[in-house]
1. Identify, among THR35, THR2, GLY70, the residue whose Cα sits farthest towards the positive end of the charge dipole of the chain, taking +1 on the Cβ of Lys and Arg and -1 on the Cβ of Asp and Glu, with the dipole about the Cα centre.
2. At a 10 angstrom cut-off on C-beta neighbours, averaged per residue, how do the peptides 10-22, 26-38 rank from highest to lowest?
3. When percent of Cα pairs over 21 Å apart is calculated directly from the model, which label among (i) 15; (ii) 53; (iii) 42 fits?
4. What are the ³J(HN,Hα) values, in whole Hz, obtained from phi via the Karplus relation 6.51 cos²θ - 1.76 cosθ + 1.60 with θ = phi - 60°, for each residue of region 22-30 in sequence order, with x given for Gly and Pro?
5. Please list, in order along region 63-71, the HN-Hα scalar couplings obtained from phi with the Karplus expression 6.51 cos²θ - 1.76 cosθ + 1.60 (θ = phi - 60°), rounded to whole Hz, x for Gly and Pro.
6. Would you please give the residues with an amide H less than 5 Å from that of ARG71, counting only those at least 5 places away or on a separate chain, with H modeled from the backbone geometry?
7. Between LYS49 and ILE19, what FRET efficiency follows from the Cβ-Cβ distance if R0 is 30 Å, with the result rounded to 0.05?
8. What net charge is computed for the residues neighbouring VAL58, neighbours being all others with C-beta under 15 Å from the C-beta of VAL58, Lys and Arg scored +1, Asp and Glu -1?
Amino acid sequence: MTRTKKTWGDFSAGQQAAIIAVGAVELALAVTAWTDLARRPAEAVSGSKLKWAAIIAVNLVGPLTYFRWGRRANG
């Protein structure tokens, strides 16, 4: 079975719009998480700020993980 790689033009207009929307949400979450991490004091972060900066870079899961487990309650 030979699989051909899709190009941008192979996607419908609706699929292209969905890809752009998901990408925009992912980027907005990452920027928001990195901004929060940069402004938050180290003692208000669960673990290393460097570790969390790297985790935030992992697709959609990273920022969501940071917002759930990376910040201390009183930070």
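1. Value computed over the given set: GLY70.
2. 26-38, 10-22
3. Evaluating percent of Cα pairs over 21 Å apart on these atoms matches (iii).
4. Result, ordered by residue: 5, x, 5, 5, 4, 5, 4, 5, 5 Hz.
5. x, 5, 5, 4, 5, 7, 10, x, 9
6. Under 5 Å from the amide H of ARG71: SER46.
7. 0.45
8. Result for the neighbourhood of VAL58: +1.
Bear in mind these aren't lab numbers, they're just calculated from the coordinates by the rules spelled out. Quick caveat, the model's predicted, so the values are computed rather than measured. Here Cβ is always computed from backbone atoms with ideal geometry, including for glycine, and neighbour counts include all displayed protein chains.
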